[in-house]
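Let me begin by presenting the structure, written as structure tokens, before commenting on it.
Rule-based calculations on the coordinates, nothing more; no lab input. None of these values were measured; they are calculated from a predicted model. As a convention, Cβ positions derive from the backbone with ideal geometry for all residues, glycine included, and neighbour counts pool all protein chains shown.
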Amino acid sequence: MNWTHLLFIPLLLLCNSAVAFDVGFTQVTLTDDPNRPLNTAIWYPTSDKSDTTLIGDNPAFIGTQVIKDAQIQSGTFPVILLSHGYRGNWRNQNWLATKLASRGYIVAAAEHPGTTSFDQSPEQAAKWWERPRDVSRMLDYLLSETSWKQSTNADNITAIGHSLGGWTVMQLAGAKIDRATFKSECKQYNNPRTCGLAEELGLSKVQATEPNNKDLSDPRIQRVVSLDLGLARSFSVNSLKGINVPTLILAAGIDIGDLPQALESGYIAEHMPLNLRRYKVYENATHFSFIQDCKSNAIPMLNEEVPGDGIICKDVLGASRSELHQLILNDIVGFLNQQTEQQANSI
């Protein structure tokens, strides 16, 4: 398998692999679990020619143009399930979702209760097992709801997560929480950003309602993409060795003091089967290079609101977040295209 060739296919060739669609957008609340309603955003290809609306835009961050509540394009489309990072929301990967929908994907992103910008309930945050289940619930909805099931390709499902979202999608691939491993790793490398979240996320001790079975994998998901994940060292080595799902691991090369890639993404890459994973480090990227692009005045504005938050929009000197986004998109699309091709050839 020539991964180098895969990851550096010229953008022109990638664009030729799919028709460019306009992007529809809608929001729903999943109520199948009344104790954990999920606010969910969905992007999808459409042929509607209605006026576009700017979403995910605010004084600090750049949004995208979509057609709200448009009719989905006729046909069936592969599915991408997105999981945001710690105290993030669907807007963080809005740039990626819109790009993927324009290439013919249905993309869904839920806001995880307890660890989203809009819900930081300690009770919900400690239910670490619910995050992977949230993603599976989104897939349940798309495959069963009348307005979506005819359009979704149940044989082509991918989960993509950033930061804590990367940790989430790795569990969907078969990674399993192991408290003894996490405790040992945190004694040796006590990173405050990851090890410091143990209690909040319910990882420091057994929770009364947590499942006995730590296997939260979803066999319907054919592949996963991890974007600079955190908390990797909470997974057992044996569970990582046992993963049989193709995985693209993308990491930030610049450590801004919270998630050194060698101890996070590198930990996953080290222990996963070599033939099933691709590991790439963007040398000029930081942890926040994977979220939406920022406006020119964002750094002082964010620092004024919360001192230190300007780092969210601070990229490496000379690096362009929009250019990094294009590289990230190329690598993800290349991975998805090749996996789809291999799947088709194996039938």
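Key figures for this structure:
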{"item": "Residue-span extension gain [Leu276 to Gln27] - 0.36 nm each, minus C-alpha spacing", "result": "86.2 nm"}
{"item": "Mean separation of Cα contacts under 8 Å (6+ apart) over length of the chain, as relative contact order %", "result": "17"}
{"item": "Sequence-separation-based contact order of the range 257-338, relative, with Cα cut under 8 Å and 6+ spacing, percent", "result": "24"}
{"item": "Label-point separation, Lys68 to Gln342 (7 Å along Cα→Cβ), nm", "result": "4.1"}
{"item": "Column: log10 I(q)/I(0), Debye, Cα scatterers of the range 91-243, q = 0.17 Å⁻¹", "result": "-1.04"}
{"item": "Inter-label distance for Asp140 and Asn244, nm, one decimal - labels placed 7 Å from Cα along Cα-to-Cβ", "result": "2.5"}
{"item": "The chain: antiparallel DSSP beta bridges as a percent of all, rounded to 5", "result": "40"}
{"item": "Between the range 46-62 and the range 235-297, the alpha-carbon center distance in angstrom", "result": "30"}
{"item": "Likely footprinting exposure, His325, His112, fewest C-beta neighbours within 10 Å first", "result": "His325, His112"}
{"item": "Order of Thr64, Thr146, Thr209 - criterion: other Cβ atoms within 10 Å of each residue's Cβ, fewest first", "result": "Thr146, Thr209, Thr64"}
{"item": "Cα gyration tensor, the range 48-161 - rounded (a/c under 1.5), prolate or oblate", "result": "oblate"}
{"item": "Cα gyration tensor shape for the range 100-150, rounded if a/c is under 1.5, else prolate or oblate", "result": "prolate"}
